[in-house]
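These notes are about the structure you will find just below.
Please treat every number below as a calculation from the coordinates, not as lab data. What you see is a predicted model, and the numbers here were worked out from it, not measured in a lab. Here Cβ is always computed from backbone atoms with ideal geometry, including for glycine, and neighbour counts include all displayed protein chains.
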Amino acid sequence: MNKEHLVLITLIQGVCYTLIWLIHDYTALLLSAAIALITLAILVISWIADRLEYANVPFWYYPLLWISILVPVGISVLFWIFKEGKMDWMKPIF
């Protein structure tokens, strides 16, 4: 996997998260947070395991995990700024 693949994966993730944010912001926020946190946990565990015993992981593994953390967080921050923190699910029902 080369840098073009990483850029393509970044763009695909960005489009997917943006579409989810445009459809339903509550689901998008939960999904973005969950995926970013799970990926962060995988990154930390992989890094610790790689330091304890060399695992010979491919060079694209860690950048892909960082992309999978930064894209949902970045899209979430952008939509939070664009909506000025006023999400649809924060409005009173009655």
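If the cut-off is 15 Å between C-alpha atoms, which aspartates and glutamates fall inside it for LYS83, apart from same-chain ones fewer than 8 positions away?
Within reach: ASP25.
For the residue pair PHE94 and GLU53, what label-to-label distance in nm results when each label sits 7 Å from Cα along the Cα-to-beta-carbon direction?
Roughly 6.1 nm, to one decimal.
If each residue of separation counts as 0.36 nm, what is the full-extension length gain between ILE23 and ALA41 once their alpha-carbon separation is subtracted?
Separation in residues times 0.36 nm, less the Cα-Cα distance, equals 3.7 nm.
If you take the alpha carbon radius of gyration of segment 33-94 and divide it by 2.2 N^0.38 Å, what ratio comes out, to two decimals?
Compactness ratio reported: 1.60.
Given ILE93, LEU22, LEU43, which one lies farthest toward the positive end of the charge dipole of the chain, if we put +1 on the Cβ of every Lys and Arg and -1 on the Cβ of every Asp and Glu?
About the Cα centre, the residue reaching furthest to the positive side is ILE93.
How far, in degrees from 0 to 90, does helix 3-23 lean away from the longest principal axis of the Cα atoms of the chain, to the nearest 10?
It is inclined by approximately 20 degrees.
Per the helix-only calculation at 222 nm, which mean residue ellipticity applies to the chain, given -39500 (n - 2.57) for every DSSP H run of n ≥ 4 and division by its residues, nearest 500 deg cm²/dmol?
So the calculated ellipticity at 222 nm is -26500 deg cm²/dmol.
What ranking, highest mean first, results for peptides 66-73, 44-51 when packing means the other Cβ atoms within 10 Å averaged over each residue?
Values: 66-73: 18.5, 44-51: 11.6.
Top to bottom by mean Cβ count within 10 Å: 66-73, 44-51.
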